[in-house]
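For reference, the structure discussed in these notes is given below.
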Amino acid sequence: MDLYLLFHTVLMHISAAIVILIYIPLSIPVKLFVWAFVKPLRKEDLRGKVVLITGSSSGIGECSLVVHGTYNHITDRGVICSMDIRARRSTRWKASPAARERGAPDVLVVPGDVSDPEQSRRAVEETVAYFGKLNHLVANAGAWSICFFDEITNITASTKMMDVNFWGSVYPTYYALPHLKASKGKLIVSSSIAATAPTSRLSLYNATKAAQLRFYETLRSELGSEVGVTTLTAGFVESEMTKGKAIQRDGEVAVDEEARDVSCNKARFSVSFFYVKYK
């Protein structure tokens, strides 16, 4: 046993030395070459592309909206973006004009509820009817609840979170897939680091995000090269959710001002961790 441990220790030291002294120095110029010459060739040209974003009223969805509008401006106003608010309100909000100001030639707002399959179908159909096609779907709408599991007072109402976080991504994906296949498009899914690193007081939220992540990882293998699937697992991001808008213990959606002040500490948040898995 001592001889085996000695051999194992020596082998590990040799392997570590090879990685540090040979692999890492050689990989740096290769990565620089790929970054400088190969990556620009693989960058997608968004001119003329139609992008449907769910939950784009705040947070990552709003940033996605503005970024697409900014890219519009860079590419001589070539990108066409279809933006869908399907969070839980019907007001037209600040991000739509912000995208236009940054060069988006057209922005379609479709209020609705992602957890309703008919409204999800309608949003996709209205987008295709308005623009004539669909190239990208950004499934971003979400909801959460912050409390210990045994503090929930209405467990049956907690299904709302699964309806929004899981089915609210699956429904738009289901109805958008035929159009994405036709355009050789892409699916971009906003999941969460909570799917792989569960946090206390977020038991149900963690479970919904884990289900969402596993679904799209499976879908990636099923679709192959027909439709690209990218999953984003972000950390804590400033949005309506992190400012206190959440599903309460009784199952109702409301803004908890105390929770907002505690979680946000009356300060602005940025992305603390961002992991991207793509095909």
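All of the numbers you see were taken from the coordinates with simple rules; none came from a lab. Values in this document were obtained by computation on a predicted structure and should not be read as measured data. Here the Cβ is made from the backbone with ideal geometry for all residues, glycine too, and neighbour counts use every protein chain on show.
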Yes or no: residue 137 touching a Pro at 6+ places or on another chain (Cβ under 8 Å), of a type outside the set (Lys, Arg), buried (at least 19 other Cβ atoms within 10 Å of the Cβ) and closer than 20 Å to residue 51 by Cα?
yes
When the residues of segment 1-60 are filtered to those that are in a loop (DSSP other than H, G, I, E, B) and among the polar types (S, T, N, Q), which remaining residue is nearest to residue 189 (Cα to Cα)?
54
So, of the residues in segment 146-170 that are among the small types (Gly, Ala, Ser) and surrounded by fewer than 24 Cβ atoms within 10 Å (Cβ to Cβ), which turns out to be farthest from the chain's Cα centre (by Cα)?
157
Could you check how many residues of segment 171-215 are of a type in the set (A, V, I, L, M, F, W, C), crowded, with 19+ Cβ neighbours inside 10 Å and touching a helix residue (DSSP H, G or I) at 6+ places or on another chain (Cβ under 7 Å)?
8
